[in-house]
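Notes to accompany the following structure.
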Amino acid sequence: MQSTLLSRFTGCLIGEALGDAVGELAFSARTRDLLDSEVEKAELLRYTDDTAMALGIAQCLVESGSVAPEPLGRIFHANYSREPWRGYASGPPSIFARVQAVGIKYSEAASALFGGRGSFGNGSAMRVAPVGLFYHKSPELYERACESAMPTHTHPLALDGAAVQAKAVALAIGLPPGGAFSPRSFLEALEGFARTTEFRSKIRLALDLILSGASDPDAARTLGKSVAVHESLPFSLYSFAKYPASFRECIYCAVLNGGDRDTMGAMAGAISGAYLGVASLPGEWREKLENSVLFSELAASLMHNLPLS
Ligand code: R7I
Ligand code: MG
Ligand code: MG
């Protein structure tokens, strides 16, 4: 039982990184054949800011047992300073620079962005998977996910998006991978968990698209696939719920339909990896993943330090 849970935790973190890395390659290799050949040619599968920030959250949980915004902001900032080349958007680096220059809190600098409402970029959801693992049985899951968003994303949609993605990971951990998967039960549980009308209606739309047999390109067009969290997250949920039995098919769906490919790969990959477990992720992808030992170590540390529920 323990080893099953560990394989889900590891699958989630490695699934996030693989979806991110393969999704990044899909910006130039835009068909399945081209993507397969790029992955085959690559010596190393390199992840981007999405996974780097997820690692920051896992690190914070392991070190402090919490995701309090200021300590988490300091970890994000230090990791960014060490590896600024991971493909960050403009928001987080501008927050880090402002905190450094003016000495205000991370969440204060974050809430000043985009006309004073904060960012609704998908940055809070793309990195939240370790919160979903750590608090998968906790009634505090929603609040903790929001807390992890605060150092960089304070917009109500970014908070709700972080909570929905964390819940998707938590639900995936609790489902038997060999059993019958119901897209309806999974997506309706998320619809009920979301607190914004935007997310509730997008998750319902994702379910309708699956049930009506829409094509994946049509679903991507209908749900949206941009860096806005209320577009790319619903399509990532669709990708997992449509292809629950295969990590590879789930990732192809998430990254081969345009838009924010690395991030949809990361979000769908974290859920799929949490559902299927690490052994079900493609071996030839796993063996090329950068820093893969670190993901396994962090997964084990997270599992051994879970909060009492
Ligand atoms: O959300 P964030 O960390 O970006 C994540 C993306 C992922 O695709 C990563 O792979 C990486 O490439 O970056 O960074 P933000 O800068 O907070 O948000 C991303 C973008 O969303 C911004 O640069 C804006 O273009 C857009 N955006 C908004 N646009 C209008 N109004 C975010 N919030 C707003 C807004 O309120
Ligand atoms: Mg990225
Ligand atoms: Mg991206």
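Return a whole-number percent for the relative contact order of the chain, with Cα pairs under 8 Å and 6 or more residues apart as the contact set.
Relative contact order, the chain: 32 percent.
What is the set of long-range amide H partners of L45 at a cut-off below 5 Å, with H atoms built 1.01 Å from backbone N?
Distant-sequence amide H within range of L45: L289, E290.
Please compute the modelled spin-label separation between T4 and E249, points set 7 Å along Cα→Cβ, answer in nm with one decimal.
In this crude spin-label approximation the distance works out to 2.3 nm.
Gaussian network model of the chain, Cα springs within a sub-10 Å range: biggest mean-square fluctuation belongs to which of A110, A89, A228?
Maximum fluctuation in the GNM of the chain, among the listed residues, is at A89.
What's the exposure ranking of H304, H136, going from fewest to most Cβ atoms within 10 Å?
With the sparsest Cβ surroundings first, the list reads H304, H136.
Can you give the charge dipole size of the chain about its Cα centre, rounded to the nearest 20 debye, using +1 on the beta carbon of Lys and Arg and -1 on the beta carbon of Asp and Glu?
The dipole magnitude comes to about 460 debye.
Computed on alpha carbon atoms, what radius of gyration and Dmax characterise the chain, expressed in Å?
According to the Cα coordinates of the chain, Rg and Dmax are 17.5, 54 Å.
For the chain, set up a Gaussian network in which alpha carbons nearer than 10 Å are linked by springs, and say which option among G174, G118, G265 fluctuates the most.
Greatest mean-square fluctuation among the candidates belongs to G174.
Mind checking the full-extension length gain between S185 and L294? Use 0.36 nm per residue of separation minus the Cα-Cα distance, one decimal, nm.
35.9 nm
Taking the Cα centre of region 73-210 as origin, work out the dipole magnitude from +1 charges on Lys and Arg Cβ and -1 charges on Asp and Glu Cβ, in debye rounded to 20.
Once rounded to the nearest 20, the dipole reads 220 debye.
Around D160, with a cut-off of 15 angstrom between Cβ atoms, what is the net charge of the other residues, counting Lys and Arg +1 and Asp and Glu -1?
Charge balance in the 15 Å sphere: +2.
Exposure proxy check: K202, K41 ranked by fewest other beta carbons within 10 Å?
Least crowded to most crowded, the residues run K41, K202.
Which order do M150, M267, M303 fall in if you start with the one that has the fewest other Cβ atoms within 10 Å?
So the residues, fewest neighbours to most, are M303, M150, M267.
Pick out, from T48, P92, G23, the residue whose Cα sits farthest towards the positive end of the charge dipole of region 1-92, with +1 on the Cβ of Lys and Arg and -1 on the Cβ of Asp and Glu.
Final value for the positive-end residue is P92.
Longest span of the chain, sites excluded, free of chymotrypsin sites (Phe, Trp or Tyr not before Pro) in DSSP loop with at most 14 other C-beta atoms within 10 Å?
Maximal segment without exposed cleavage sites: 86-309.
Return the calculated 222 nm mean residue ellipticity for the chain, to the nearest 500 deg cm²/dmol, obtained by summing -39500 (n - 2.57) across DSSP H runs with n ≥ 4 and dividing by the residue count.
-21000 deg cm²/dmol
All of the numbers you see were taken from the coordinates with simple rules; none came from a lab. Keep in mind that this is a model prediction, so the values were computed, not measured. So basically every Cβ, Gly included, is an ideal-geometry build from the backbone, and we count neighbours across all protein chains shown.
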